[in-house]
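The values are calculated or read from the model by the stated rules, or taken from the named source; none is laboratory data. For clarity, every value in this text was computed on a predicted model and none was experimentally measured. All Cβ positions, even for glycine, are placed from backbone atoms using ideal geometry, and neighbour counts span all protein chains on display. All accessible areas refer to the heavy atoms of the entire protein, side chains included, with ligands and DNA or RNA removed. Shrake-Rupley method; radii C 1.70, N 1.55, O 1.52, S 1.80 Å.
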Amino acid sequence: MRLRCSVNGRRLAETVCPADRLLDYLRARGCTSVKEGCGEGECGACAVLLNGRLVNSCLVPLAHAEDADVLTVEGLPDDDPLSGHFVFEGGTQCGMCTPGMVLAAHALLAECPRPDRARMQEALAGNLCRCTGFEGIYRAIARAAAP
Amino acid sequence: MNARECPPRKDGYDKVRGRARYVADLGRADVLHACTIRTRLPGGRVAAVHWGPEVAWAEYVVVTGDDIPGRNCVQMITDDQPALVKDRFRHAGEPVVLLAHPDRRALAQAAAAVRIEEEPGAGPVFDIDAALARAADGTVFQEYELRKGDAAKAAAEIEWRGTYVTGAQEHLYIEPQGMVACYQDGTLIIEGSMQCPYYVQAAVAVATGLPAGSVRIRPCATGGAFGGKEEYPSHIAIHAALLALKAPGRSVSLIYDRAEDMAVTPKRHPSRSIVRLGADRHGRLRFMDIDFVIDGGAYVTLSPVVLSRGVIHAAGPYRCPHVRVRGRAVATNHPPFGAFRGFGAPQSIFALECAMDDLARHLGVSPVELRARNLLGDGDVSPAGQRVEGIDMPGILRRALAHSAYDERQKACRAWNAREKRSRRGLGIATFYHGAGFTGNGERHLASRAGLRVRAEGTVEILCSNTEMGQGMQTTLAQIVADALTIPYDWVQVAVADTGDVPNSGPTVASRTCMVVGRILEQAAADVLERLRAQGGLPVPHDPQAFAQGCARFHAACGPLVCMSEYVAPASAWNEATFQGAPYGSFAWACYVAEVEVDLVTYAVTVRDFFALQEVGRIVHPVVAAGQIEGGIAQGIGFALTEKVVFGADGVMANNRVTNYILPTSADLPPIRVVFEQNGQGAGPRGATGIGELPMDGPAPAIVNAINAALGIALSGVPVLPEDVMAAIEGAKGGRHAIAL
Amino acid sequence: MSGRWWRPRDLACALRIRAQEPAVCVAGATDLMAGGWDPAGSYLDLSALAALAGIRETEAGIEIGALVTCTALGRHAVIRARLPLLAQSAAATGSRAIQNRATLGGNVMNASPAADNPPVLLAYGAQVRLASERGLRSLPYEEFHTGYKTTACAADEIVHSFLVPVPDAGSHQYFRKVGTRRAQAISKVTLALAGQAGREGLCVRIGLASVGPVPVLARTAAAVLRAGRTAACTRERLQEALQADIAPQDDIRSTRLYRDRVAFNLLKEALCGFPTWSDAF
């Protein structure tokens, strides 16, 4: 199929196999922030925003990216405040879950600008983190949410 | 917290922006993808390997045990484990054939066309009791005994005897393991995910027969490890190297998918402890007699050192005149178990801390009271025969209870349980310590070296072989060096731990990087200042500008400035025969408090709140330190409640998918509240001690003690699944601990 | 051999392909891609069919297109107000990232006995509507699952939509998923109950997941409850009846014994919402 989509604001058009994974497509185009942790939609390391919605890119066939806007952390502005808070508040350790986690946090803040702990717990439950115990991640989100 | 105490993580921005390069991101052009074909039976002989005629084998790089130029072993403590099986093997999942090809699909087709003909061996053994039953056949890998006084002969007014078990635990670092190897111009360069570059170098040199100097190991960003990338990276590196040797000039990428990683890489050793405790009627411990056994799996790997740490921690931070801990590591037909955060201590501490609660119930005193009467204080002698100085464990217990509002919560739990029908609440505690650095004389044998490379403009590179796997070592070591040199944090970087460039400062394990390597770097920094003063005109005192000027003068006059320093062993010694002496450079000490709620509809346990107070000597970076504790506790909660490794009939992990191995998610974890105390008496830089493993020790016993308190039952193993809670409640019905439902 | 991937834009075209090609139907693709999809396989991708989208209120109930995602179900004001159990089960399906992709039609058509939404559809007495070139037919959802991973959906049919009757005001509704953990879990037992107290006994429908090869409608237990709380309807009788309805197994996630016990506990908890059974648990 001929795939037209936008990745981090860059318009792409090329011939692809519709059943191929969005994960592999993005990585092959330099978005190596998109990590493969499990390949079955369980860990969230490959999470990206597809038309503003959090999805696991390992579960998205390219057919479903047609005409879509895809955002990875490479597409966030350099001064993205949330990313900075992840650095300072202990939101990242090994870093493998981090890009997906940052995007999950962005998706949360977009629909709920001042999330409480329960809301954060719910929103991040599909992004496994083995390092932080989530406390540093919550601190980062809370900092980003603060006025 | 100010910016000096809490500078940004060195690796922070690269990680949040997705720029950090992990092994899967190396993206070499012209790469050969590789895979491993393995045994299926739990022990036996490889009779033949059949190669499907439909495959054009000439297109592939193929390696078998016949292609090993050096010794066919993975060098570790003993060299009993083959790099590739040629004949006999001991477990399902042992590597036999390696394949590489530029196209992944073609690789998968060829892998499916290799058939290993296996003859079964003697009946496999998969659990500790069965292994002990045949122990006469020499299947005990290692046995140790810690002796203080004479526990066998000691008598006590009140005795408790219980059996406690812990299950295997999978690391589930989010980055699966992998290596990329390339052999060119007589040098083998291997990049990948690892904790111990020099272990990998030594093992690859042995298997390939190349001189160590021709094997260059370069760690890339390591996406979590927790001990899981201590020994196994050597296997993958050897395999990638063997393929690379047959395809000179090509990069060979051997990266496991999640299912393979979970099936074949080591897990935490399962354990079984029989704990006998004796006390007088006032609750003072008279003896502790502990039989601690771990399942080593099919090969020795690291089991002896896991065992020794387990044995030393088995008797806890308690005062007791007669202590005996017998430790054994037994052989089974599981894939070998290995290093995992805590390294044997979480297993033996679980047993003792649950037994302490059981003894308290037996004595009719509270678990708090029993501990308060027996915890080590200043001047007491530990079970390892070491005099404790500057530590007041009863005070730590007291302050933990006060901070966590233990008494009020206890009352609230009782009120809840009297009122509510569908759930029960309870509190549990654990008091424990964890030694940092290699056990016993290990650091002496390691004789680590680390150093600093000082550039003309005043920036400094740390040269050590420890890797950043998320624990924050780049940040904490940079802080230690910046402090020691009185220069800005930004001027200090940790060099890539390339074995061609950095000295061997030992493996990145055992909570040793900050404490041991940090201390060596402090010494190196002192040497740098001395040389700059002598030959660069550095004034005393100096500011950063003067430091930079001193560096410039030194470089102009004398050339590059590199200062290497070595580990200096303390005077205290360790007796390997009796397990008496100074087992560790220093300890971290802690009291953890868990509050749980057990749902009587589903039998599910929720940790409502987790409180952790620890004495850590000194904190280098408050956020990094808190992150170690918070993350370790989360892993401990998983170890306690959800993370069950289910073994198949072949002895290999059967639930080897992320969907079936149950990690706690954000929704499963309680608020984790961390309090540090800092007495400045650790053996590391300015009194710091290691803290990475400590938080793994406390959660499981605190949580099980809380569940038992909530329900009046006597669970004695982890993980505690809802199915186990249900069985315990059923078992208790009508019995001594009847629960009114 | 490279496979085929059809992504028709209109229903007629989709039904024509369905009638002619042995292709696997795809909606949100979450089960397909997680379950080891075959890049060389043949797939009929329904995700671009507007006819299968949307939620509508009708006289007979609420019509839910097969392509409605779990996120949409969980957030839709009408669903939350009038079919609250469906909003709950949708929000309990996988994680947020899964809910953004997974569809109700896919969840049902994948026919996992552990799927989270079928117990609710059973409890609500939903109809499933199947489309083919032969036309649109309606089937009680309780007749849809015919065996482990088999359904009444014919080879030329696709799941078109669901018609879910709205429970009467004052009815009691209960949903609880017991998973391997609190979120992003596969269910070990799930129970949904909807209904009301009648003149004699209770008039309820009970749907369960993970207690047999297919999602289960507990007819025997419901019959016992209909009899009213008399000598004929004791806790023991009810437990026996529920056990007759379900056939749980040991597997990698749980045990038969646990599922048996917890299914009954959930039923008791659900019944606590009725005055006559307030002491059930």
Over the protein assembly as shown - Rg/Rh using Cα atoms and the Kirkwood inverse-distance radius: 0.97
Accessible surface buried once C binds B (1.4 Å probe; total of both sides; Å²): 2100 Å²
Theoretical FRET efficiency, 1/(1+(r/R0)^6), r = Cβ-Cβ of B:Ala106 and B:Thr187, R0 22 Å, to 0.05: 0.15
Over chain B, relative contact order from alpha-carbon pairs under 8 Å, at least 6 apart, %: 15 percent
Reachable aspartates and glutamates from B:Lys229, criterion Cα separation under 16 angstrom, eight or more residues apart if same chain: B:Glu170, B:Glu175, B:Glu191, B:Asp257, B:Glu260, B:Asp261, B:Glu468, B:Glu693
Neighbouring partner chain Cβ atoms per residue of B:216-225, average, 10 Å criterion: 3
Sequence-separation-based contact order of region B:141-257, relative, with Cα cut under 8 Å and 6+ spacing, percent: 33 percent
Listing of region C:1-43 residues, each with accessible area lower by at least 10 Å² in the full protein assembly than in the chain alone (probe 1.4 Å): C:Trp5, C:Arg7, C:Arg9, C:Ala29, C:Thr30, C:Met33, C:Ala34, C:Trp37, C:Pro39
Loop GluC sites (Glu not before Pro), region C:1-106 (other Cβ atoms within 10 Å of the site Cβ: 16 or fewer; DSSP): C:Glu59
Residue-by-residue Karplus 3J(HN,Hα) for region C:45-54, coefficients 6.51, -1.76, 1.60, Hz, glycine and proline x: 8, 8, 5, 9, 8, 4, 5, 9, 9, x
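Only helices at least 27 Å long along their own axis, judged from Cα atoms, and with Kyte-Doolittle mean hydropathy of 0.5 or greater: name those in chain B from DSSP H.
Helices passing the filter in chain B: B:622-641.
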Neighbour-limited loop hits for GluC sites (Glu not before Pro), region C:188-276 (at most 14 other Cβ within 10 Å; DSSP other than H, G, I, E, B): C:Glu200
Where B meets A: accessible area buried, both sides, 1.4 Å probe, Å²: 3700 Å²
Relative contact order of region B:442-566, pairs being alpha-carbon contacts under 8 Å that are 6 or more residues apart, as %: 38 percent
Helix-only CD estimate at 222 nm, as mean residue ellipticity for the protein assembly as shown, using -39500 (n - 2.57) per DSSP H run (n ≥ 4): -9000 deg cm²/dmol
Gaussian network model of chain C, springs between alpha carbon atoms under 10 Å - residue of C:Asn107, C:Asn265, C:Asn117 with greatest fluctuation: C:Asn265
Threshold 40 Å², region C:171-185 residues less accessible with all protein chains present than alone (1.4 Å probe): C:Arg176, C:Thr180, C:Arg181, C:Arg182, C:Ala183, C:Gln184
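Can you give me the % of accessible surface on the protein assembly as shown that is carbon or sulfur? Probe 1.4 Å, all protein chains present, nothing else counted.
C and S fraction of accessible area: 50 percent.
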In degrees, nearest ten, helix C:11-20 long axis to first principal axis of chain C (Cα): 80 degrees
Average partner coverage of A:59-70, which counts Cβ from other chains inside 10 Å: 4
Cα pair distances in region C:4-45, grouped into 10 Å bins until the bin that holds the longest one, percent each: 30, 53, 17
Cα gyration tensor, chain B - rounded (a/c under 1.5), prolate or oblate: oblate
Alpha-carbon centroid distance for the pair region B:463-515 / region A:25-54, whole angstrom: 31 Å
Set of lysines with alpha-carbon distance to C:Lys149 below 24 Å, sequence-local pairs under 8 removed: C:Lys177, C:Lys188
The protein assembly as shown - accessible surface per residue (Å², probe 1.4 Å): 34 Å²
Exposure of B:Glu231 as accessible area (Å², to 10), given a probe of 1.4 Å and all protein chains: 10 Å²
Buried on assembly, region C:89-135 (at least 20 Å² less accessible surface than by itself, 1.4 Å probe): C:Ser95, C:Arg96, C:Ala97, C:Ile98, C:Asn100, C:Arg101
Choice from C:Pro215, C:Pro118, C:Pro167 showing the highest fluctuation, given a GNM over chain C with Cα pairs closer than 10 Å: C:Pro167
Rounded if a/c under 1.5, otherwise prolate or oblate - region B:442-566, Cα gyration tensor axes: prolate
For the pair C and A, total buried accessible area rounded to nearest 100 Å², probe 1.4 Å: 2100 Å²
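Quick one: if the Förster radius is 41 Å, what FRET efficiency do B:Lys411 and B:Glu157 give, using the C-beta to C-beta distance and rounding to 0.05?
The formula returns an efficiency of 0.85 here.
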Dipole in debye (nearest 20) - region C:4-45, about Cα centre, beta carbon charges: Lys, Arg +1; Asp, Glu -1: 180 debye
With DNA, RNA and ligands ignored, accessible area of B:Trp57 (1.4 Å probe; Å², nearest 10): 50 Å²
